[in-house]
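Notes for the one structure printed next.
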Amino acid sequence: GDSRTISVAEMLLKVVLFALAGVVFAFPQPGSDMTQQVLVQDAPALVPNPGPPAPTKDGFILEEVVNVHKRVIVVVHSNAGEKGAARRATIRDTWLQPLNRSSPFALPPETRRSVAVWFSVPRDPDQPFHVSQAEAEGKLHGDILMINGAEGSTWGPSRFEELTSLLRWIRVAYFQRFDYVLLTEDDSFVSLYSLLPYLDQHNPSEFFYGGFVNSFAEAPASYQHKYYAPFVQQGTIVLSAPIVELLAAELGLVKPLDRFDATIGHFLAPFIHGKPTHDEHFVGEVKNVYTAVPNPIVINHATPELQHSLSTPTIGQDGKMSYPSLPVQVEEMQSRSVFIDPHPKDRQPECDEVGGGCNFPSAPMMDATP
């Protein structure tokens with residue numbers, strides 16, 4: 001019994017001595033070739049600079065970019081059908097070319113890295129073949145987000161559910177690493193050359209909700225007002241990071257309206273800094289363009305022919321690239337005559353400052369003729 005105990009003690013002593021010897025020889029010895037050992041706890045200043053990336057055997061230089069702060073995240077709503085696939089192909093060949101480093105009109109590398117573009121495609125259970133095709137397209141290009149419907153649902157997600165899912169995903173995937181989000185459609189034309197300078201005019205740390213503001217969209221009777229609260233029309237919605245944070249946290253508790261874009265405007269209406277900001281360079285409906293629009297930012301419902309005609313930028317005297325102006329799309333303008341009583345006898349009540357209490361009772365037309 002005693003001899004066994006001694007042998008075990010000797011064995012433990014040998015293990016301890018061997019471990020200590022390994023620690024000693026791990027450090028560089030005098031006269032050895034190892035002059036520096038990089039440890040995890042070393043200060044960053046002590047870590048040697050790896051230098052520029054070395055070219056591969058084919059001569060290509062590959063550089064890994066991780067956690068780049070995004071100036072803007074562009075989300076393009078599309079669908080899994082053939083029309084959606086054709087529109088995504090048109091976008092990649094037209095207004096996404098500034099992000100193509102092989103294009104002669106490409107933006108500088110730092111600018112390209114600051115822009116992320118995703119196609120949002122709802123997963124429609126009624127179109128399994130087209131859904132599988134969209135998934136294969138996403139694996140090829142790496143720019144498609146497949147959006148699932150509600151749990152237990154037998155149909156695809158609504159636009160409001162899609163919006164809520166997207167904003168929550170952006171908040172997590174780009175947490176504190178983005179400034180703005182642009183929500184647009186697959187039949188819209190977006191000028192990245194004009195979008196980035198437009199965003200530079202605003203503060204990304206403040207509430208910003210801008211685009212083409214629609215103030216005269218008729219609402220259903222259940223809304224209890226004739227028009228929706230002013231909102232930014234779908235396809236042209238620009239949201240700052242604080243707005244995205246707010247919507248991602250609260251939209252799940254909001255009852256959606258008939259229009260998802262009107263839901264955003266209705267939700268933000270009570271906020272002092274949540275008012276929509278209109279800009280004429282956002283075109284809400286291309287067929288309603290009565291005057292030329294210079295340096296357009298977003299053009300809704302642009303045909304593939306129009307997108308291709310605008311996709312060749314011009315270089316200005318300052319060396320900056322921009323797309324040509326959007327020409328007039330309406331050739332004939334119709335007008336109608338409206339009678340206004342010059343001597344009204346009944347005064348219509350006005351809306352209060354908050355925007356509520358607008359009640360305009362139907363009053364008979366007061367004839368001014370004797």
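The values are calculated or read from the model by the stated rules, or taken from the named source; none is laboratory data. Quick caveat: nothing in here was measured; it's all calculated off a predicted structure. Backbone-built Cβ (ideal geometry, glycine too); neighbour counts: all protein chains shown. Accessible surface is based on the protein model in full, side chains and every heavy atom, while ligands, DNA and RNA are left aside. Shrake-Rupley method; radii C 1.70, N 1.55, O 1.52, S 1.80 Å.
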The one condition THR277 fails out of (1) touching a residue at least 40 places away in the same chain (Cβ under 8 Å); (2) surrounded by 20 or more Cβ atoms within 10 Å (Cβ to Cβ); (3) of a type in the set (Val, Ile, Thr) is (2)
Looking at the range 66-87 only, could you name the residues that are within 16 Å of the chain's Cα centre (by Cα) and either among the small types (Gly, Ala, Ser) or modelled with pLDDT of 95 or more (or both)? LYS70, ARG71, VAL72, ILE73, VAL74, VAL75, VAL76, HIS77, SER78
HIS202 - would you say it is out of contact with any helix residue (DSSP H, G or I) (no Cβ under 7 Å at 6 or more places or on another chain), more than 30 Å from ALA80 (Cβ to Cβ) and without any contact (Cβ under 8 Å) to a residue 40 or more places away in the chain? yes
Kindly indicate whether SER158 is open to solvent by 50 Å² or more (accessible area, probe 1.4 Å), within 18 Å of LEU251 (Cβ to Cβ) and of a type outside the set (Phe, Trp, Tyr). yes
Criterion: surrounded by fewer than 20 Cβ atoms within 10 Å (Cβ to Cβ) and more than 30 Å from LEU310 (Cβ to Cβ) - qualifying residue of GLY149, GLY142: GLY149
Checked SER165, SER188, SER120 against criteria (closer than 22 Å to VAL244 by Cα and open to solvent by 20 Å² or more (accessible area, probe 1.4 Å)); the one match is SER165
The residue from VAL131, VAL76 that alone is in contact with an Asp or Glu (Cβ under 7 Å, 6 or more places away or on another chain) and farther than 28 Å from LEU246 by Cα is VAL131
Close pairs from the range 111-136: first over 20 Å from ARG101 (Cβ atoms), partner open to solvent by 50 Å² or more (accessible area, probe 1.4 Å) and basic (Lys, Arg), Cβ under 7 Å, at least 6 apart: VAL131/ARG123
Among residues of the range 80-106 being in contact with a Lys or Arg (Cβ under 9 Å, 6 or more places away or on another chain) and over 16 Å from PHE189 (Cα atoms), the residue least open to solvent (accessible area, probe 1.4 Å) is ALA80
Pairs, first farther than 14 Å from SER309 by Cα and in a loop (DSSP other than H, G, I, E, B) in the range 90-102, second of a type in the set (Gly, Ala, Ser) and open to solvent by less than 50 Å² (accessible area, probe 1.4 Å), C-beta under 7 Å, six or more apart: ASN100/ALA106
Residue count for the range 240-277, restricted to those that are of a type in the set (Phe, Trp, Tyr) and in a helix (DSSP H, G or I): 2
